[in-house]
Amino acid sequence: MNKTLLAEFTAREGTEDEVARLILDYAEKVREEEGNLAFDVYTKASSPRAYWIFEVYRDEDAFQSHLKAPYGGPFNTALAPLIEEDASVLTFLDPVT
């Protein structure tokens, strides 16, 4: 079964350009992961500092591999002082069948 989630965070005022650069660079790397099926980056139309990232991994193993990728830690370290939350807020999703 696919592992699907929504990651959310809000860029601090004045950090929008740096956050966009970081997330787009990170997205390129994640999309190259063997088990990644989707990594779509959005901002909320009514609040462009609010980011929503829709992620889909082939399965739990692929998601765990993603978490262990060497670029994840540096990305999160660089992102943390630029966002309002302590870290990305993750919401795991299940399909309605």
* Asked: Out of the stretch 4-35, which residues are over 12 Å from the mean Cα position of the chain (by Cα) and assigned to a helix (DSSP H, G or I)?
  -> 16, 17, 18, 21
* Structure fact -> Those residues of the stretch 1-33 which are touching a helix residue (DSSP H, G or I) at 6+ places or on another chain (Cβ under 7 Å) and either touching a residue at least 40 places away in the same chain (Cβ under 8 Å) or exposed (fewer than 15 other Cβ atoms within 10 Å of the Cβ) (or both) amount to 3, 11, 12, 15, 18, 19, 22, 26
* Structure fact -> Taking the stretch 48-97 and keeping only residues that are under 14 Å from residue 11 (Cβ atoms), touching a strand residue (DSSP E or B) at 6+ places or on another chain (Cβ under 6 Å) and open to solvent by 70 Å² or more (accessible area, probe 1.4 Å), one is left with 52, 84, 89
* Just checking, how many residues over the stretch 35-47 are open to solvent by 60 Å² or more (accessible area, probe 1.4 Å) and touching a residue at least 24 places away in the same chain (Cβ under 8 Å)? -> 1
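The values are calculated or read from the model by the stated rules, or taken from the named source; none is laboratory data. Only a predicted model underlies this, so the values are computations on that prediction, with no experimental measurement involved. Here Cβ is always computed from backbone atoms with ideal geometry, including for glycine, and neighbour counts include all displayed protein chains. Ligands, DNA and RNA are stripped out before the accessible areas are found, and what is left, the full protein with its side chains, is counted by its heavy atoms. Shrake-Rupley method; radii C 1.70, N 1.55, O 1.52, S 1.80 Å.
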